[in-house]
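The values are calculated or read from the model by the stated rules, or taken from the named source; none is laboratory data. Everything numeric in this text was worked out from a predicted model, so none of it was measured. A quick note on method: Cβ atoms are made from the backbone with ideal geometry, for glycine too, and the neighbour counts reach across all protein chains shown.
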Amino acid sequence: MKAALNILIFCIVMGTASGALLVGVNTITSAQISKNEELKLKSSVLDVLGVAYTKDNVLTVFKDNAEEIKKGEWTLYQGKDESVAFEFSGPGVWGSIYGLVCINPDHKTIRNIKILHQEETPGLGARIAEKEYLNQFKNKEVMPSLVFMPAGKATANNEVDMITGATYSSKALDKLLNTTIQSRLSLLK
């Protein structure tokens, strides 16, 4: 009986100490985590807008070159040249895909896309985040929609190549981009 009571007391003390330690660490680090997340988002917005910066001047460059515009529940980022960037997120094959897309001032063509997070199959679907793959989206027309074609078959102004062997990841990105782009561009009208 005494051994069981000692174990119970030990568990209560250790649980309380561990919980207090976790709360303390969270309190100490939460402000830095928020700042890092803000810097990551703002530097990524500058990346898709095509604005140069250094890690030391991200906030200043962002303030001088981008404006946050709230449209209902959505945030759009407008560049000095009237280009517009916005976040997209949704399901991929194995998890979520999250990124940013920038539409040129004509509101018809893509300037840049950047994938910030994806959980697709390494070496296959994960190629959606590679710069070489994303470069093919530059200057592609989004009206009436982007069309994902089998690899090597994209020829029209609104067509991009799918990733060979990652059809489902490509289709997920297709649906995600087209849905998001059309809904955000409708907010600008």
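Miscellaneous remarks
- Among the residues listed as 29, 75, the single one being out of contact with any Lys or Arg (no Cβ under 8 Å at 6 or more places or on another chain), over 30 Å from residue 125 (Cα atoms) and surrounded by 11 or more Cβ atoms within 10 Å (Cβ to Cβ): 29
- Qualifying positions in the range 115-132 - of a type outside the set (A, V, I, L, M, F, W, C), surrounded by fewer than 18 Cβ atoms within 10 Å (Cβ to Cβ) and closer than 24 Å to residue 46 by Cβ: 117, 130, 131, 132
- Condition check for residue 75: of a type in the set (S, T, N, Q), farther than 21 Å from residue 142 by Cβ and more than 11 Å from the chain's Cα centre (by Cα): no
- Which listed residue is in contact with a Ser or Thr (Cβ under 6 Å, 6 or more places away or on another chain), part of a helix (DSSP H, G or I) and at pLDDT 90 or above, from 135, 178, 139: 178
- The single condition from (1) surrounded by 11 or more Cβ atoms within 10 Å (Cβ to Cβ); (2) not in a strand (DSSP E or B) that residue 97 fails is (2).
- Cβ separations smaller than 6 Å between residues 6+ apart or across chains give the following pairs from the range 47-73 residues that are in contact (Cβ under 8 Å) with a residue 40 or more places away in the chain and of a type in the set (Asp, Glu) to residues that are surrounded by 14 or more Cβ atoms within 10 Å (Cβ to Cβ) and in a strand (DSSP E or B): 47/114.
- For residue 42, the requirement of being surrounded by fewer than 11 Cβ atoms within 10 Å (Cβ to Cβ), under 19 Å from the mean Cα position of the chain (by Cα) and among the basic types (Lys, Arg) is not met.
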